[in-house]
Amino acid sequence: MSHLFFDLALLPTGWAEHVRAEVTDSGAFASVTVGATPDGATHVLGAVVPGVPNLHSHAFQRAMAGLAERGSADGDTFWSWRELMYRFLGRIEPEHVGVIAAQLQVELLRHGYTAVAEFHYLRNDLSGRPYATPTEMAMRVHAAAVSSGIGLTLLPVLYRTSDFGGRPPTQGQLRFLTSLEGLLTDVSTLRSATVSNPNRKVGMALHSLRAVPPDDLQLAVTALGAMDSSAPIHIHVAEQRREVEACVAWSGARPVEWLLNNAPVDRHWCAIHATHMTVEETMGLARTGAVAGLCPTTEANLGDGLFPFADYLASGGAWGVGTDSHVSVSPVADLRMLEYGQRLVTHERNVAAGPNDRSTGRTLLEGAWAGGAQACGRRLGAIEEGARADLVVLDTGHPALVGRRGDEILDAWVFSGEDTPVRDVMVGGDWVVRDGRHRNQAEIAEAYGKVARAISQT
């Protein structure tokens, strides 16, 4: 058991002073007491808030950030970006994936993310055949998380077809393909490999309605539920307008509409993007209790569009944020983009806060904490008994925060720019970032530099 003392901390009940927290050897809060005395506990200076769960990541894509920013006479959309991504994968081997993932995770931690859900579809070798160990790539991501210390929800992906109606996969998709049996074996293997680690959870991802035929979707969901009824299920849905049009042509229904009518969507599901929804779909998704997985910087980078955030909030929907392609690695950058996108289309300010006298920064962060925890399938996002001891310590002497009090601290963190005031980060009771530096930052950066140079020359 370890003991921490916070001068100032944000608890589920609000800001509190003189907080003593006991942390179990397994990294969970055993107790949280307000109005306490240090009594030999480790004194944590600054404003202490929960770590932010990142609900959507494709780790390998961090290494291609900036490589798709070139115009084209034929126009450039998500679909042309996807072709570049397919070509980029021709450079990536398992040893590269582990190093890239570790570098990404260090960056996430230094900016305040303490857990990440890895939507892991890079499964096969360059020819499209499974590795001798089919979970080779996934275990590289797991090993990276051991090195970085980040919490990890592994989501092996079912990927069967190239488009609606069971169209055969393209050459560029061969590294993603797996059978239903192969997916379930991967889930079982990963569960066995991580079961003793309290900073791990294994769920499943259905790549998209384009890539998963209806029968396989139903069988996969049923089989996962038999293994673990609490396991999260993630799916890309309604990200692009072309996807919506193709789904209507195939089924007569829009993607979210089809999902709500044909799948057992509930609070264990996370609908990634869900950008293009009608009002009825927006309210319907909210009613299921599922999480809308929003990735505002990636969605902006790809030109996907804007999630109907105001309508979804009004419907009481759960949501969280992820970094997806990792053109940003900061939770507050994504939250800021989410809010600013809504301001640009509504011509109003403080959209997330609504008409209430509430802090926009706190409203955004509370959504990200709760929805991210739910989507990761882990007890995260709160400083309370039973939750994981995942903490971010904000430097209240940082120029962005100096003189700020209470929720002003959160507003300044979200809206004051790019120079992060994150000083220290704890994951599962373990300090992984101190004074702004990750404990393995130098070694991981050196390894990443070698990989980045190697794949750029391929």
task: Check Gly66, Gly90 and return the single one that is surrounded by fewer than 24 Cβ atoms within 10 Å (Cβ to Cβ) and on the phi > 0 side of the Ramachandran plot.
output: Gly66
statement: Selection from the stretch 259-273 of residues closer than 15 Å to Ser208 by Cβ, out of contact with any Gly (no Cβ under 6 Å at 6 or more places or on another chain) and crowded, with 21+ Cβ neighbours inside 10 Å yields Leu259, Val265, Trp269, Ala271, His273
field: Test: Asp39 is surrounded by 14 or more Cβ atoms within 10 Å (Cβ to Cβ) and of a type in the set (Asp, Glu)
entry: no
- prompt: In the stretch 335-370, what residues are touching a helix residue (DSSP H, G or I) at 6+ places or on another chain (Cβ under 9 Å), on the phi < 0 side of the Ramachandran plot and not in a helix (DSSP H, G or I)?
  reply: Glu348, Arg349, Val351, Ala352, Ala353, Asn356, Arg358, Ser359
message: On the basis of being buried (at least 23 other Cβ atoms within 10 Å of the Cβ) and either outside any helix (DSSP H, G or I) or among the acidic types (Asp, Glu) (or both), does Leu154 make the cut?
response: yes
statement: Here the residues within the stretch 177-199 that are within 16 Å of Val141 (Cα to Cα) and either crowded, with 21+ Cβ neighbours inside 10 Å or of a type in the set (S, T, N, Q) (or both) are Asp186, Val187, Thr189, Leu190, Ser192, Thr194, Asn197, Asn199
Single condition Gly182 does not satisfy, out of (1) under 13 Å from Ala59 (Cα atoms); (2) out of contact with any Phe, Trp or Tyr (no Cβ under 9 Å at 6 or more places or on another chain); (3) without any contact (Cβ under 8 Å) to a residue 60 or more places away in the chain: (1)
query: Here are some residues: Ala115, Ala101. Which one is in a helix (DSSP H, G or I) and either basic (Lys, Arg) or within 30 Å of Ala387 (Cβ to Cβ) (or both)?
result: Ala101
message: Can you tell me which of (1) out of contact with any Ser or Thr (no Cβ under 9 Å at 6 or more places or on another chain); (2) farther than 30 Å from Ser188 by Cβ; (3) crowded, with 24+ Cβ neighbours inside 10 Å; (4) not β-branched (Val, Ile, Thr) is the one Trp250 doesn't meet?
response: (3)
- prompt: For the stretch 432-443, how many residues are farther than 24 Å from Pro399 by Cβ and within 21 Å of the chain's Cα centre (by Cα)?
  reply: 1
- line: Matching residues in the stretch 118-135 (out of contact with any Asp or Glu (no Cβ under 8 Å at 6 or more places or on another chain), in a loop (DSSP other than H, G, I, E, B) and of a type in the set (Phe, Trp, Tyr)) number 1
statement: Within the stretch 310-334, the count of residues that are part of a helix (DSSP H, G or I), under 15 Å from Val414 (Cα atoms) and of a type in the set (A, V, I, L, M, F, W, C) comes to 2
task: State yes or no: is Asp407 of a type in the set (Asp, Glu), in contact (Cβ under 8 Å) with a residue 40 or more places away in the chain and either touching a helix residue (DSSP H, G or I) at 6+ places or on another chain (Cβ under 6 Å) or closer than 18 Å to Ala16 by Cβ (or both)?
output: yes
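Throughout, read-outs are computed from the coordinates displayed, never taken from laboratory work. Nothing here was measured: the structure is a model prediction, and the numbers come from that model. Positions of Cβ are backbone-derived with ideal geometry, glycine not excepted, and every protein chain shown enters the neighbour counts.
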